Amino acid sequence: MQRHLISAADLTRDDAVLILDTAEEMARVADRPIKKLPTLRGRTVVNLFFEDSTRTRISFEAAEKRLSADVINFTAKGSSVSKGESLKDTAQTLEAMGVDAVVIRHGASGAPYTLANSGWIDAAVINAGDGTHQHPTQALLDAFTMRRRLVGRDTGIGQDLSGKRITLVGDVLHSRVARSNVDLLHTLGAEVTLVAPPTLLPVGVGTWPCEVSYDLDSVLPKSDAVMMLRVQRERMNAAFFPTEREYSRRYGLDGDRMARLPEHAIVMHPGPMVRGMEITADVADSDRCTAIEQVANGVSIRMAVLYLLLGGNEPAVTPTRTEEK
Amino acid sequence: MSKILIRGAKVLGGAPQDVLIDGETVEAVGTGLPAEGAEVVEADGKVLLPGLVDLHTHLREPGREDSETVLTGTRAAASGGFTAVFAMANTFPVADTAGVVEQVWRLGREHGYCDVRPIGAVTVGLEGQKLAELGAMHESAAGVTVFSDDGKCVHDAVIMRRALEYVKAFDGVVAQHAQEPRLTEGAQMNEGVVSAELGLGGWPAVAEESIIARDVLLADHVGSRVHICHLSTAGSVEIVRWAKSRGIRVTAEVTPHHLLLTDELVRTYNPVYKVNPPLRTERDVMALREALADGTIDIVATDHAPHPHEDKDCEWAAAAMGMVGLETALSVVQETMVDTGLLDWAGVADRMSARPAQIGQATGHGRPVSAGEPANLILVDTAYRGPVDPAGFASRSRNTPYQGRELPGRVTHTWLRGKATLVDGKLT
Ligand SMILES: [Zn+2]
């Protein structure tokens with residue numbers, strides 16, 4: 001493992017499988033009456049959020065607390081941080097406080113990379129989403145969810161996603177989730193297909209390790225999992241598509257479309273969902289949709305990442321440690 | 001005034017010769033020239049060129065003296081071998097009146113390191129809506145002949161057409177920063193493979209090329225000449241080549257950084273590589289070098305764009321665009337054009353001195369090295385090779401993309417009309 005987690009592309013297959021396996025161990029802890037591990041006792045983790053995301057922050061915070069870390073939440077939203085200086089200032093403040101890890105969410109692509117490589121700070125940096133670049137823990141929790149559902153919770157240990165056909169649908173252009181997933185799923189051996197109107201695919205997507213299609217209906221029958229990406233309504237004002245109605249008719253997932261999926265296939269969504277846009281309510285609420293499961297899995301994945309980046313060589317979970325409580 | 005004998009200099013890279021300066025003028029060029037009464041400078045096989053002329057410099061004064069002033073900028077120019085620079089109009093206030101351009105011109109004269117030729121804004125406040133008083137700026141003491149809204153594109157086709165037409169009355173030229181504004185909203189880097197991966201807003205080549213295509217057609221239609229600033233793509237080269245083949249009076253410049261660096265460097269998210277137009281691909285770089293060699297691109301211009309440290313010491317999106325370039329320009333041209341065999345030193349003198357002086361009508365600059373010509377001369381130690389050290393820059397700013405990079409060549413002497421501004425690499 002590297003010192004930081006900036007991009008899903010930085011993970012080797014073995015790194016990724018180790019994180020998924022470790023997350024399974026962490027998930028078992030969640031099933032116990034006492035969910036806390038002493039692994040990061042005395043270590044300080046800062047959740048540095050320059051962009052509002054209660055969901056992601058809470059997920060990291062839950063993971064940090066279950067590992068007994070001291071948690072500091074720093075939310076720096078608004079005009080005071082619109083100037084670049086603040087990232088550096090904030091980093092140096094945190095450095096002076098002696099923090100061990102920084103979980104950073106930032107609206108600017110590359111901000112976590114800059115934080116990790118600028119020399120401003122010595123702590124481990126975990127990217128919790130930067131601009132339209134990367135969101136590696138999201139990709140990991142998605143892969144974790146896929147492995148559990150498509151390979152098996154126990155049989156999946158040590159396994160990757162070889163041969164699984166994963167379809168990502170929606171606003172790829174503005175999506176850090178899509179970028180992270182393409183990188184990680186490719187590393188894990190899955191076959192990825194992106195489906196979007198051409199306006200919502202980046203120029204240069206042709207070099208990505210995946211297929212691209214404009215036709216959702218033809219791809220669905222060949223999908224083991226379909227992930228619906230959020231599409232913001234405002235995009236139509238910039239002529240990315242004509243109307244909400246036309247978008248959902250061509251690229252939205254409704255009950256009829258879901259029926260085209262193979263029996264075992266799952267429907268995923270990184271949230272928050274725009275019901276009626278990329279997904280209809282009945283699909284979102286169906287038992288094939290793993291959106292809620294993904295949230296739960298997010299905590300396990302983030303525990304695993306924090307443990308592997310900070311926890312050293314000791315095993316994360318030992319029976320004696322948890323039971324002596 | 002005293003005499004200076006430069007002994008054993010490879011004039012334009014040719015066989016060693018002596019050059020005798022008397023006062024402000026070259027008195028003789030030849031071998032075995034008499035040293036009596038002259039201060040002797042042993043050139044020791046260094047290359048002698050006419051003083052370089054930069055058609056695209058941001059001196060930042062008035063308004064942003066924290067990043068550069070006319071004094072520090074012209075010292076940087078002298079240090080890099082320039083004897084004339086054209087100062088861009090995007091200052092605060094904007095150089096859109098006779099008053100501002102005269103102020104900049106006068107500061108250059110007072111400091112005496114390098115001639116400063118102010119560029120006038122095309123439109124009031126660079127707003128792209130109303131023509132600035134182009135005639136008044138031309139008639140001012142600054143004698144403005146080049147007009148540009150650089151930093152912004154004159155994107156309105158009617159305004160551009162009128163500007164092209166209007167300056168014909170005094171043989172001015174409009175220098176266009178070709179950037180279609182709608183296609184570059186939120187643009188952070190070249191749009192392509194790298195931007196797709198990095199999730200940074202794309203600045204597509206077509207945003208430059210479409211404006212150049214429009215402007216050469218406009219220039220043709222109204223019979224004007226047009227100059228293209230910092231041309232950066234292979235497609236732009238094709239358009240300019242086509243326009244020239246049709247006899248359209250278009251000239252174009254390329255920056256040193258677009259001759260050397262590519263968008264792959266943006267993977268570091270290091271804002272020293274953030275510049276406008278952005279660094280492009282290897283294919284573009286090669287096309288630009290070839291075009292400069294074959295004359296499709298007329299000149300090298302630095303787009304020297306100083307920024308204070310804090311504007312670059314931050315995350316990519318928040319960082320300012322631009323790089324300093326005066327003190328490394330010749331080295332980069334040697335690296336990319338001379339040492340690759342694409343251009344000889346006479347060619348460098350043409351692209352970095354004679355042609356820019358012609359385009360901008362910088363009288364007395366870009367002249368041949370021969371008797372009777374103004375003694376605007378430089379000596380270049382072309383055998384030198386070493387790492388770039390921004391700490392040694394005369395510029396007030398340090399935002400160079402070349403820190404630590406080994407580059408060839410070093411300007412050791414600069415004479416501005418016979419007066420040394422740089423001696424043994426040190427400013428006078
Ligand atoms: Zn420009």
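The values are calculated or read from the model by the stated rules, or taken from the named source; none is laboratory data. Worth saying up front: this structure is predicted, and the values here are computed from it rather than measured. Here the Cβ positions follow ideal geometry from the backbone for every residue, glycine too, while neighbour counts run over all protein chains shown. These accessible areas exclude ligands, DNA and RNA; they are computed on the full protein's heavy atoms, side chains included. Shrake-Rupley method; radii C 1.70, N 1.55, O 1.52, S 1.80 Å.
Tabulated results
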read-out: Relative contact order for chain A, counting Cα pairs under 8 Å that sit 6 or more residues apart, in percent; value: 21
read-out: Average beta-carbon neighbours from other chains, 10 Å sphere, peptide A:103-112; value: 5
read-out: Rounded accessible area of A:Y113 (nearest 10 Å², 1.4 Å probe); value: 70
read-out: Cα-derived Rg over Rh, computed across the protein assembly as shown with Rh taken as Kirkwood radius; value: 1.07
read-out: Alpha-carbon centroids, region B:142-158 and region B:203-270: separation in whole Å; value: 15
read-out: Accessible area, probe 1.4 Å, largest first, for residues A:R41, A:R105; value: A:R41, A:R105
read-out: Accessible area (Å², per residue) of region A:136-290, counting only protein heavy atoms and a probe of 1.4 Å; value: 39
read-out: Size-normalised alpha-carbon gyration radius of region A:136-290, reference 2.2 N^0.38 Å; value: 0.97
read-out: Stokes-Einstein D (µm²/s) once Rh is taken as the Kirkwood radius of region A:34-147 over alpha-carbon pairs, at 4 °C in 1.567 mPa s; value: 89
read-out: Candidates B:R214, B:R117, B:R410: whichever shows maximal mean-square fluctuation once chain B is modelled as a Gaussian network with Cα springs under 10 Å; value: B:R214
read-out: Using alpha-carbon coordinates, inclination of helix A:136-146 to the longest axis of chain A, degrees; value: 60
read-out: Span per principal axis, largest first, for the Cα atoms of region B:52-360 (Å); value: 50, 43, 40
read-out: Amide H contacts of A:T75 (H built 1.01 Å from N, under 5 Å, at least 5 apart or other chain); value: A:F49
read-out: For residues of B:311-323, the mean tally of beta carbons on other chains within 10 Å; value: 6
read-out: Most mobile listed residue (A:A128, A:A259, A:A30) in chain A, GNM with C-alpha springs under 10 Å; value: A:A259
read-out: Accessible area of A:D122 in the full protein assembly, 1.4 Å probe (Å², nearest 10); value: 100
read-out: Members of region B:188-230 that become less accessible by 30 Å² or more once partner protein chains are added (1.4 angstrom probe, chain alone as reference); value: B:E191, B:V193, B:A196, B:E197, B:G199
read-out: Dipole in debye (nearest 20) - region B:52-360, about Cα centre, beta carbon charges: Lys, Arg +1; Asp, Glu -1; value: 720
read-out: Phi-based couplings in Hz for region A:234-249 (Karplus 6.51, -1.76, 1.60; Gly and Pro marked x); value: 4, 4, 5, 5, 9, 6, 6, 7, x, 9, 4, 4, 5, 4, 5, 5
read-out: Fraction of accessible area attributable to carbon and sulfur, the protein assembly as shown (%, probe 1.4 Å); value: 49
read-out: Of B:K152/B:K274; B:K130/B:K168; A:K88/B:K274; A:K65/A:K164, those spanning more than 23 Å from alpha-carbon to alpha-carbon; value: A:K65/A:K164
read-out: Beta bridges by DSSP in the protein assembly as shown, antiparallel share as percent, to the nearest 5; value: 30
read-out: Estimated translational D of region B:295-428 in µm²/s (Stokes, Kirkwood radius over Cα pairs; 10 °C; 1.306 mPa s); value: 97
read-out: Fluctuation leader among B:L292, B:L200, B:L49 - chain B, Gaussian network, Cα springs under 10 angstrom; value: B:L200
read-out: Protein-protein interface of region A:197-219, residues with accessible area decrease of at least 50 Å², isolated chain reference, 1.4 Å probe; value: A:V203
read-out: Residue-normalised accessible area of region B:52-360, given per residue in Å² at a 1.4 Å probe; value: 31
read-out: Directionally averaged shadow of chain A, computed from the convex hull of its alpha-carbon atoms, nm²; value: 16.5
read-out: Where A:F74, B:F86, B:F92 fall by accessible area, highest first, once all protein chains stay in place (1.4 Å); value: B:F92, A:F74, B:F86
read-out: Protein accessible surface hidden between B and A, which excludes ligands and nucleic acids, total in Å², probe 1.4 Å; value: 1600
